[in-house]
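The values are calculated or read from the model by the stated rules, or taken from the named source; none is laboratory data. Values in this document were obtained by computation on a predicted structure and should not be read as measured data. Here the Cβ is made from the backbone with ideal geometry for all residues, glycine too, and neighbour counts use every protein chain on show. Ligands, DNA and RNA are stripped out before the accessible areas are found, and what is left, the full protein with its side chains, is counted by its heavy atoms. Shrake-Rupley method; radii C 1.70, N 1.55, O 1.52, S 1.80 Å.
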Amino acid sequence: MGETLVEKILAPHLVSGRLMPGEEIAISIDQTLTQDATGTLVYLELEAMGIDRVATELSVSYVDHNTLQTGFENADDHLYLRTVAARYGLYFSPAGNGICHQVHLERFGVPGKTLLGSDSHTPTAGGLGMLAIGAGGIDVALAMAGRPFFLFMPEVIRIDLLGCLSPWVTAKDVILEVLRRLSVKGGVGKIMEYGGSGLKSLSVPERSTIANMGAELGATTSIFPSDEQTRHFLRVQGRERDWIPLQPDADAHYSDRLSIDLTQLEPLIALPHSPDNVRKVKEVEGVKIHQVVIGSCTNSSYQDLAKVAEVLKGKRVHPEVSLAIVPGSRRVLQMLAQKGALSQLIASGARILEPACGPCIGMGQAPPTGGVTLRTFNRNFRGRSGTPDAEIYLCSPETAVASALTGEITDPRSLGEEIKVTWPKRVWRGADLIIPPSPHPEGVQILRGPNIQPLPDFPKMPSKVEGEVLIKLGDDVTTDEILPAGSKILALRSNIPAIAEFTFAGIDPSFSCRAKEKGGGVIVGGANYGQGSSREHAALAPSYLGVKAVIALSFARIHLANLINFGVIPLLFSAKEDYERIEEGDQVVIYLDDLRQEVVLQNKSKGEVIKLIHHLQPREIKILKAGGVLNLVKGDP
Ligand code: MIC
Ligand code: SF4
C-alpha cells in the first residue's frame, strides 16, 4: 500500500514507535520557531537545560506579538531574546519584521522538513509542504536541545478540493467551510492532508490560510503537497533551491476522506464567538459594523493586501468604519509600497499598522463598547479583541473590504468583476533585518531586564491531592479564558508570579485571590479543555497558584502536554454524570496511587466517591512524578 504525504515525511524522521494512529511516536525536528510571547519562557527553559548550542538544522526566534512597548517590559524581553539567540546559535527576527508564520514561509520554510513552533499556528507552514506542528514551549526547547518530539500518531484525513473557486470566493471560505462541517473539535487527533484537482489553482499563501486555521479545528497539523505552485512561491522568494516535489502515493490509505467542491462555495463568515459558528455572508448581510481589521497570520500576504488595495483604489472607507491594515511582514509592506498599493490604501482612509500580530492578540485597536468588528483573523473568542462585549466576526479580506466600504456586512460578490492580483517576478529581498547566529557565541552577554523572573520551582508529585474545586467550567474553554492576552497582561509573559494574578481574570476575577487563600486546589473542566493558543502560561500560572490537578471530560492536545510538562495532573471523568455531580466549592481528595490505574476522588462535601481515569503514557507519568519535565531534564542533562 502506498504512503500518505504525512507518512512520507514522518518515516525518515521517526525516532521511535510505529506510524499507527493512536500509538505514541517520537520524531526528530529539523527546524524550530518561537515568538516573543512564548519565547522568553522557552529560552529560560533552554538555559535551564544547560546546552551549549542548538542542535537543530535551523532555529528562529521571532518578535511579533508584544511590539507595543508601552513600558520597559517588552523592550527588555526583546533584548533578552536577541542576546539569547546570539548565544545559542539562532536566527533572530526583530520587532517590525513581521509575523513569525508569514516570515517563516518567506525566509526559511522547506518542503519535506519538520518544524516545531511554540505557537499554535505553526501549521501555517503546511502550505509549503512542511510537517509543521505547534507545541508547548518546553517541547520546543527540548527539540532545540536535540531531543525528539513525542506525539500520538494522528489519523490522517484526506480533504479533496475539487474544481475552482468562483470570483470573490477565497481560501478563507474553504477553511470556514471545513470548520462549519467539522467544528472546533473535529480535527482533534488528526492531520488534515489536502489534495485534489483544485490545488492547482491555489497559491502557497492561499494554502497557508487553510493550513493556518486547521489549528481552529484542533488538528495536530494540516499539510499540502509540494508542487509547481510551491516551486513558484520559492522562486519568487529567491529560494528555488529549497524546492523538492512531494506528493502522496495514489494508493495511499487515509483514515477518512472529505471533499469540497470549490465551485459550489460561497463567501462565508464566522459569527461571534467561535470560529466554527459559520454562516453564509448573504445570511448576515446588512449588520452594521464599527471596525474592520485585515491582517494576522491567516490573511496578511501580499496577495491578500494587494487585492484589498485594488478594491479600495479611488474609493473611501465608510465614514463610520475604522479600517486597519496589518501587513504580515516587512517584505509584504515593502512590496505594497513598490507597487503603489500602499498609497491606494492610505488614500482610502485605511490605518496602516506595523507588521506584527497587533490587534489579533489584543495589542491595540480594541473596538468600542458593544462594537461589531470584522476581522480576517483566525480566532473570535469573547474578549480577545480587548473589548469584553465586542462582537468579532471572521471573514476573508474580500468580505472585509467590501463591508468597510458600505459600513455593513456585505457579500463581496457585489463588488462586480473579479480583481486578479499578479505576483511580482521577484519579491523585494532587501534588508529584512534578520540577524544570523553569532560567529562568536562565547562572548555574548545575555541581557535580562527586571521583568524577566526565573521560573518557579516545581515540587514532586504528592501521593494525594487535597483541596477545593476552585472553579467549574463548561466545554471548549480556551487558553485565552484561562490566561488572557492583551497589552496589559502580555507584557508580563516573562514574570510568572505577576501574570498568575490574571488567571481566569475574564470569567472569574476573584480566582487568583481565592486560589492563594485556599493554598491551591483543583480545576474542573468540560470537553476540549484548553483549546486555542499554545501558551504555557495557561498551565504555569494555575500551577503557581497551587493548582495540582485539572479534571475534565477531554483536553486539547497542546494544553494537555503543557499541564504534564509543568507537573499539573490531567485527569478524566469516566462519565458525564460524574462531571455533573461535582460542584465549585466541593472539598475533594484525589488518591493518586502513583497514577498506576484508576484514580479515586473522594468528594468530602457530597460524601461521594467517583473513579477518575487517565490515558497517560509511562513517559508522561515519569514527568508528572518528577514534578515536571524541567526537573527531569536537569537530573539527566
Ligand atoms: C494566539 O494566537 O493565541 C497566540 C498568541 O499566537 C498564541 C501564542 C501565545 O499565547 O503566545 C498561540 O496561538 O499559540
Ligand atoms: Fe499572531 Fe494572531 Fe497569528 Fe497568534 S493568531 S500568531 S496572535 S497573528
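At-a-glance table
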read-out: Index of the failed condition, residue 512 passing every other in (1) open to solvent by 20 Å² or more (accessible area, probe 1.4 Å); (2) more than 19 Å from the chain's Cα centre (by Cα); (3) of a type in the set (S, T, N, Q); value: (1)
read-out: Residue check, residue 370 free of Cβ contacts under 8 Å to residues at least 24 places away in the same chain, open to solvent by less than 40 Å² (accessible area, probe 1.4 Å) and in contact with a strand residue (DSSP E or B) (Cβ under 9 Å, 6 or more places away or on another chain); value: yes
read-out: Only listed residue being under 25 Å from residue 539 (Cα atoms) and either open to solvent by 30 Å² or more (accessible area, probe 1.4 Å) or among the aliphatic types (A, V, I, L, M) (or both), chosen from 58, 46; value: 46
read-out: Among the residues listed as 326, 293, the single one being within 16 Å of ligand 1 (Cβ to nearest atom) and free of Cβ contacts under 8 Å to residues at least 40 places away in the same chain; value: 326
read-out: Selection within the range 508-548 - more than 16 Å from ligand 1 (Cβ to nearest atom) and part of a loop (DSSP other than H, G, I, E, B); value: 508, 509, 510, 518, 519, 520, 525, 526, 527, 545, 546
read-out: Residue selected from the range 472-483 under the condition crowded, with 19+ Cβ neighbours inside 10 Å and away from ligand 2 (no atom under 13 Å from the Cβ), by the criterion farthest from residue 559 (Cα to Cα); value: 473
read-out: Residue identified as loosely packed, with under 12 Cβ neighbours inside 10 Å, under 25 Å from residue 321 (Cα atoms) and acidic (Asp, Glu) among 408, 391, 417, 442; value: 417
read-out: Which numbered condition residue 634 misses (of (1) over 21 Å from residue 468 (Cα atoms); (2) part of a loop (DSSP other than H, G, I, E, B)); value: (2)
read-out: Meets criteria (open to solvent by 10 Å² or more (accessible area, probe 1.4 Å), away from ligand 2 (no atom under 16 Å from the Cβ), on the phi > 0 side of the Ramachandran plot and in contact with a strand residue (DSSP E or B) (Cβ under 9 Å, 6 or more places away or on another chain)) for residue 163; value: yes
read-out: Residues located in the range 468-489, provided they are over 20 Å from the mean Cα position of the chain (by Cα) and part of a strand (DSSP E or B); value: 468, 469, 470, 471, 472
read-out: Of all residues making up the range 200-215, the number that are open to solvent by 10 Å² or more (accessible area, probe 1.4 Å) and in a helix (DSSP H, G or I); value: 5
read-out: Condition met for residue 427 (open to solvent by less than 10 Å² (accessible area, probe 1.4 Å) and at pLDDT below 95); value: yes
read-out: Inter-residue pairs, beta-carbon under 8 Å, first closer than 14 Å to residue 471 by Cβ and in the range 498-514, second open to solvent by 30 Å² or more (accessible area, probe 1.4 Å) and charged (D, E, K, R), 6+ apart; value: 504/481; 506/382; 506/481; 507/481; 512/501
